Amino acid sequence: MTSPANALHDPQVAPSAQKAVALVTGASSGIGLATARRFAAAGYRVAVNHVDQEAVAEAVAAEIGGRAYWTDVSDPVAVATMVDDIEGELGPIAVAVCNAGIYEERSLAELEDEIWERTIRVHLGGCFHVAREVVPRMRSRGSGSIVTVSSEMAIVGGTKATHYIAAKTAIVGFTRALAREVAPTIRVNALAPGPVDTPLLQERFKVPAYTDTLPLRRIGRPEEIADVILVLAETAWCTGAVWSLNGGVVIQ
């Protein structure tokens with residue numbers, strides 16, 4: 001595996017010295033926010049995608065020298081417009097990080113059609129809509145990298161989350177299939193994080209009664225996830241992979 005610094009010289013990803021553009025969806029908080037900052041620190045110009053977080057996203061974009069884009073990734077027309085705008089305003093998208101997500105606990109008996117469909121549309125649909133827009137452009141330029149964000153729950157399951165786990169598991173299959181379809185021009189990889197200290201994480205996962213059960217005895221930090229997303233985006237000989245980063249929740 002090459003380091004991020006060395007991988008920048010690989011033809012699969014434009015050098016950060018040339019201000020390559022990275023799109024990060026769901027970038028106004030949590031893992032997405034940390035990822036936007038990490039890519040900016042690595043030399044990318046970042047498109048900060050958000051929904052209903054305009055003030056935060058604008059502040060983040062100003063902080064890192066990027067630009068904020070309000071777009072619901074479940075809407076294919078909106079995603080197409082966003083990608084057009086990004087490439088017109090920032091330049092060609094070298095890396096797309098499909099991170100946008102939502103989470104509401106619901107048992108199967110409580111799970112309404114609207115919540116089920118919205119969860120699938122945002123998680124899986126968001127990956128699909130972004131990929132469908134960026135892949136032809138990346139192919140025409142001869143390079144590109146896509147990173148999707150799944151979950152360790154796609155591997156081990158969970159309770160009151162069939163809708164969320166179904167979507168996150170589908171992202172793994174989508175990533176593996178797309179990686180084969182678009183190789184060797186574009187690399188596609190997935191990250192399956194464990195419990196991370198973000199606004200989506202339930203409080204019961206933040207207490208010692210839970211963290212003491214983990215081999216590493218703590219939940220993750222968004223910055224730790226962002227570091228690996230950057231490595232996945234830039235590692236030249238890696239595609240179709242699903243990386244587990246979870247403090248030992250999953251050991252395979």
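The values are calculated or read from the model by the stated rules, or taken from the named source; none is laboratory data. In this text, all values refer to a predicted model and were calculated from it rather than measured experimentally. Cβ coordinates were reconstructed from backbone atoms using ideal geometry, including for glycine residues, and neighbour counts include every protein chain displayed.
Exactly one residue out of Ala233, Ala241, Ala226 is farther than 20 Å from Arg176 by Cα and either of a type in the set (Asp, Glu) or modelled with pLDDT of 95 or more (or both): that is Ala226.
Would you confirm whether any residue within the range 186-197 is out of contact with any strand residue (DSSP E or B) (no Cβ under 8 Å at 6 or more places or on another chain) and either more than 25 Å from Glu110 (Cβ to Cβ) or polar (S, T, N, Q) (or both)? No - not one qualifying residue is present in the range 186-197. Exactly one residue out of Ala94, Ala61, Ala57, Ala80 is closer than 14 Å to Leu23 by Cβ and not in a helix (DSSP H, G or I), and it is Ala94.
For the range 201-252, the set of residues classified as in a strand (DSSP E or B) and closer than 21 Å to Ala170 by Cβ consists of Val242, Trp243, Ser244, Leu245, listed by residue number. Comparison of Ile155, Ile186, Ile171 shows that the only residue that is surrounded by 19 or more Cβ atoms within 10 Å (Cβ to Cβ) and under 12 Å from the mean Cα position of the chain (by Cα) is Ile171.
Table: residues versus (1) within 25 Å of Phe128 (Cβ to Cβ); (2) over 19 Å from the mean Cα position of the chain (by Cα); (3) at pLDDT below 95.
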{"site": "Ser28", "(1), (2), (3)": "yes, no, no"}
{"site": "Ala42", "(1), (2), (3)": "no, no, no"}
{"site": "Asp52", "(1), (2), (3)": "yes, no, yes"}
{"site": "Val60", "(1), (2), (3)": "no, no, no"}
{"site": "Gly65", "(1), (2), (3)": "no, yes, no"}
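Considering the conditions (1) among the aliphatic types (A, V, I, L, M); (2) closer than 22 Å to Leu178 by Cβ; (3) exposed (fewer than 14 other Cβ atoms within 10 Å of the Cβ), Ala209 is excluded by exactly one of them, (2). Within the range 232-242, identify whether any single residue is over 25 Å from Gly43 (Cβ atoms) and under 18 Å from the mean Cα position of the chain (by Cα), and answer yes or no. Checked the range 232-242: at least one residue is over 25 Å from Gly43 (Cβ atoms) and under 18 Å from the mean Cα position of the chain (by Cα). For the range 55-66, indicate whether the set of residues that are touching a Phe, Trp or Tyr at 6+ places or on another chain (Cβ under 7 Å), surrounded by 17 or more Cβ atoms within 10 Å (Cβ to Cβ) and touching a residue at least 12 places away in the same chain (Cβ under 8 Å) is non-empty. Scanning the range 55-66, I find no residue that is touching a Phe, Trp or Tyr at 6+ places or on another chain (Cβ under 7 Å), surrounded by 17 or more Cβ atoms within 10 Å (Cβ to Cβ) and touching a residue at least 12 places away in the same chain (Cβ under 8 Å), so the answer is no.
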